[in-house]
Amino acid sequence: MLEAEFDRFAAEYREQHAASIRLSGETPEYFAEYKIRDVAEAIAGTPRRILDFGGGVGNSLPYMRRYFPTSEITILDPSAASLDIAAKRFPGQATFQHFDGTTIPFADGAFDLVFTACVFHHIPAAEHVGLLREIGRVLAPGGSFFLFEHNPLNPLTLHAVRNCAFDENAVLIGAGEMRERFAAAGFFRSETRFRLFFPRFLAKLRPLERYLTGLPLGAQYFIRAAKKTA
């Protein structure tokens with residue numbers, strides 16, 4: 001998680017993201033909202049405190065506010081420039097916290113929900129288990145952790161990553177490999193769902209996706225895991 005690298009791309013993040021996903025026919029906002037909607041549909045009730053791990057310029061924040069209006073939200077990121085942009089875009093809507101890339105600066109069990117979207121493919125694989133353990137540390141017993149990632153088995157995903165400047169050093173992670181890292185970090189009851197099977201011109205088929213979440217061909221996937229209660 002190179003701070004300088006993401007500081008460099010912070011101002012142009014949306015434009016570069018939009019260009020890389022042009023073939024999908026959708027906007028960055030579409031991809032940001034579906035993730036938060038999936039989380040809201042999967043959990044019961046409203047979490048008191050939410051951590052957006054690697055939240056960058058705050059693209060998920062308006063949808064967190066829409067689906068979880070009473071939650072306390074913290075955006076955590078190693079890029080100070082990205083956090084500055086997020087704070088200016090959404091003043092007063094969250095806490096914007098800088099992160100050294102290793103230690104999350106909050107107490108044990110501080111968050112009821114931790115969310116991360118397409119962050120871990122930017123982090124060296126050797127650091128994954130340690131960071132997942134750190135996320136587990138700040139997750140409250142019984143809380144949920146949702147990790148969304150690109151699916152390296154999907155050709156449109158590979159095209160988007162190859163054509164995105166801020167993904168030039170990305171290493172995509174298969175769902176099975178990521179589940180193994182979750183287990184090594186001490187999470188349990190992990191569940192994987194594959195998402196985004198149809199581009200915009202096939203949008204009428206999207207209601208079928210609910211039956212395809214076990215098929216490992218969607219453009220992205222998420223893993224939901226729980227922390228053991230004491």
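Details
- Given (1) out of contact with any Ser or Thr (no Cβ under 7 Å at 6 or more places or on another chain); (2) modelled with pLDDT of 95 or more; (3) of a type in the set (S, T, N, Q); (4) surrounded by fewer than 20 Cβ atoms within 10 Å (Cβ to Cβ), index of the condition Ser60 fails: (4)
- A single entry from Ile75, Ile123 fulfils the requirement of being within 21 Å of Gly143 (Cα to Cα) and β-branched (Val, Ile, Thr): Ile75.
- Single residue of Glu191, Glu177 found to be without any contact (Cβ under 8 Å) to a residue 12 or more places away in the chain and more than 18 Å from Ile50 (Cβ to Cβ): Glu177
- Pairs with Cβ under 6 Å, 6+ apart, first in the range 24-53 and at pLDDT 95 or above, second open to solvent by 20 Å² or more (accessible area, probe 1.4 Å) and not in a helix (DSSP H, G or I): Lys35/Ala117; Pro47/Asp112; Arg48/Asp112; Arg49/Glu72; Arg49/Asp112
- Count - residues of the range 85-127 that are open to solvent by less than 20 Å² (accessible area, probe 1.4 Å) and in contact with a Lys or Arg (Cβ under 7 Å, 6 or more places away or on another chain): 2
- All conditions but one from (1) touching a Leu at 6+ places or on another chain (Cβ under 8 Å); (2) of a type in the set (A, V, I, L, M); (3) part of a loop (DSSP other than H, G, I, E, B) apply to Leu51; the one that does not is (3).
- From the list Gly130, Gly186, the lone residue that is in a helix (DSSP H, G or I) and open to solvent by 20 Å² or more (accessible area, probe 1.4 Å) is Gly130.
- Of all residues in the range 183-201 being touching a Ser or Thr at 6+ places or on another chain (Cβ under 9 Å) and among the basic types (Lys, Arg), the one that is modelled with the lowest pLDDT: Arg200
The values are calculated or read from the model by the stated rules, or taken from the named source; none is laboratory data. Bear in mind the structure is a predicted one, so any value in this text is a computation, not a measurement. Cβ sites come from the backbone with ideal geometry, for glycine too, and all protein chains shown count toward neighbours. Keep in mind that these areas ignore ligands, DNA and RNA; they rest on the heavy atoms of the full protein, side chains included. Shrake-Rupley method; radii C 1.70, N 1.55, O 1.52, S 1.80 Å.
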